[in-house]
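Report on the following structure.
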Amino acid sequence: MNGPADNETLRVGIVGCGSIARSHALSYQNNPRVELVGVVDLDLVRADAFAAAYGTTAYDSCRELLKQQPDLVSVATPPGNHTKVAVELLESGCSVLLEKPPTTTLADMDVLAEAEEASSGSVYVVFQHRHGSGARRAHHLLSSGALGTPQVAVCETLWYRPDSYFLPEWRGNWAGEGGGPTLGHGIHQIDLLLHLMGPWETVDARAARIARPIDFEDVSLAIVAFAGGAVGTVVTSLLSPRELSRIRIDTTGGTLEVNHVYGYSDADWSWTPAPDATAAASLGRDPGLLSANGAGHQGREGGDDLWAASAESDLPSNHAAQIDQLVDDMLAGRPHDTTLASTRWTMEFVTALYASSLERQTVHRGDLTPGHRFYHSLNGGLPADAITARLTAGRS
């Protein structure tokens, strides 16, 4: 990987000065081992204001920014521009941190993979929910089998975005966003789910456009089968006034759950051990009585203590959690684990969900080759009227 392993300071830049770029800039600004050497935006007035706010210099192109010899550049442009910008940076030998989603198609994922292979730089992706202390604990304990074998999973991104959210010209359409809330919003929870559950095999999905003035879905639902034998559901919505982001994993040992909205802390995670044999035998005999469900939930021996004992210092799942880790990794000359390659499962899942919902068929992960019509576009190249008909079927 490319990085100043022998230096104490990482030189970084940012391309794109919109709202999400502020999370990158604040994380860099608050890290004493980082020097923000410049920012780029097509809107020079916005770029100048952004640069002034974070004590750096605005440039009108990546070419000018690259003259400052950054080690790492955050790409925080609209998703449809990620690939073009990242390839230019990689060709200079610079490493790249891509805001989610990394690309809008699997074809572009492969373009970036080829550019990365030819570059001395590396590509990383912002999936900060992998990097909070709760997810680190969960990943370790699930991977080791300490919490039992996963059997059932629930993943929900239930958010609310009004019509006005889609007023910027790049929002609400395939060209600007590449896809709807499944790609742009639910992908954070989907990525964490797959990070915890492992490889998926099949997806059966349905998407709908119910209320928002957009070209794609405002709600999607999927049933997923995992390689390890577990099954799960994934729901993404922009029509849900009481916002919630939730992942629940039921294992042979108990229930692991995280509830939050845009970022979790340790307090948002819980572990409930499975009931012991006596308590389990009584379940359902006296519905509605708390004593029937409240007594004897001992779980596997040590299960409850195992989760509690694994606690670390609380690290919330924000941009700083991942960026601080990335900075440390690059300065130490070691790999950072949220690579472009490690996020391909996530983009494949999102692609499969669109393909399944629009084609009305089960999609296997192995189906998503360059010959698949959804490999090149999340709308499968279907005409707008056909997409509208499939997303609004059954509603007048």
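The values are calculated or read from the model by the stated rules, or taken from the named source; none is laboratory data. Predicted, not measured: the structure shown is a model, and the values here were computed from it. A quick note on method: Cβ atoms are made from the backbone with ideal geometry, for glycine too, and the neighbour counts reach across all protein chains shown. For accessibility, only protein heavy atoms count, side chains too; no ligands or nucleic acids. Shrake-Rupley method; radii C 1.70, N 1.55, O 1.52, S 1.80 Å.
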Checklist line | Taking the convex hull of Cα positions in the stretch 83-155, its mean projected area over all directions (nm²) | finding: 6.6
Notebook entry, point to check: Just SER143, SER95, SER19 to compare: in a GNM of the chain, with alpha carbon springs under 10 Å, which one fluctuates most?
Noted result: SER19
Notebook entry, point to check: Which one of ALA51, SER270, VAL363 has its Cα pushed farthest toward the positive end of the charge dipole of the chain, where Lys and Arg give +1 and Asp and Glu give -1 at the Cβ?
Noted result: VAL363
Check: Out of residues 5 or more away from GLY38 or on other chains, whose amide H comes under 5 Å of its own, with H placed 1.01 Å from N in the peptide plane?
Finding: ILE14, THR57
Notebook entry, point to check: How large is the Kirkwood hydrodynamic radius of the chain, in angstrom, based on all distinct alpha carbon pairs?
Noted result: 22.3
Next item on the list: Would you mind checking which residues have amide H under 5 Å from ILE214's amide H? H placed 1.01 Å from N; only 5 or more apart, or other chain.
Entry: none
Note to self: Are there any GluC sites (Glu not before Pro) in the stretch 79-181 that are in a DSSP loop and have at most 16 other Cβ atoms within 10 Å? List them by number.
What the structure shows: GLU169
Notebook entry, point to check: Applying the Karplus parametrisation 6.51 cos²θ - 1.76 cosθ + 1.60 with θ = phi - 60° to the phi angles of the stretch 318-332, what ³J(HN,Hα) value in whole Hz is obtained for each residue in order, glycine and proline being reported as x?
Noted result: 10, 4, 4, 4, 7, 5, 4, 5, 5, 4, 4, 5, 5, 5, 8
Notebook entry, point to check: Around LEU98, which amide H atoms from residues at least 5 apart in sequence, or from another chain, sit under 5 Å from its own amide H, with H modelled in the peptide plane?
Noted result: VAL75, TYR124, VAL125, VAL126
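Taking all protein chains together and a probe of 1.4 Å, list VAL152, VAL258 from the most accessible to the least accessible. Walk me through the numbers on the way to the answer.
Values: VAL152 65, VAL258 0 Å².
Solvent-accessible surface, decreasing: VAL152, VAL258.
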Item checked: Shape of the stretch 234-280, Cα gyration tensor, a/c cut at 1.5 -> prolate
Checklist line | Around GLY178: net Lys/Arg minus Asp/Glu count, Cβ-Cβ under 12 Å | finding: -1
Item checked: Note, ³J(HN,Hα) from phi for the stretch 185-197, Karplus 6.51, -1.76, 1.60, rounded to Hz, x at Gly and Pro -> 10, x, 4, 5, 5, 4, 4, 5, 4, 5, 4, 8, 9
Margin query: Tell me the per residue accessible area of the chain using a 1.4 Å probe; a whole number in Å² is fine.
Written below: 42
Check: In whole percent, how big is the carbon plus sulfur part of the accessible area of the chain, probe 1.4 Å, protein atoms only?
Finding: 51
Check: At what distance in angstrom do the alpha carbon centres of the stretch 320-334 and the stretch 51-99 lie from each other?
Finding: 18
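Would you please give the FRET efficiency between ALA49 and TYR160, computed as 1/(1 + (r/R0)^6) with r the Cβ-Cβ distance and R0 = 35 Å, to the nearest 0.05? Don't skip to the answer; put the middle values down first.
Working: r = 29 Å, r/R0 = 0.83.
Taking R0 as 35 Å, the efficiency between ALA49 and TYR160 is 0.75.
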Notebook entry, point to check: For helix 106-117, what angle does its Cα long axis make with the longest principal axis of the chain, in degrees from 0 to 90 and rounded to 10?
Noted result: 60
Next item on the list: May I ask for the Rg/Rh ratio of the stretch 189-249, computed from Cα atoms with Rh as the Kirkwood radius, given to two decimals?
Entry: 1.01
Checklist line | In order through the stretch 361-371: 3J(HN,Hα) via Karplus (6.51 cos²θ - 1.76 cosθ + 1.60), integer Hz, x for Gly, Pro | finding: 8, 5, 10, 8, 4, x, 6, 7, 9, x, x
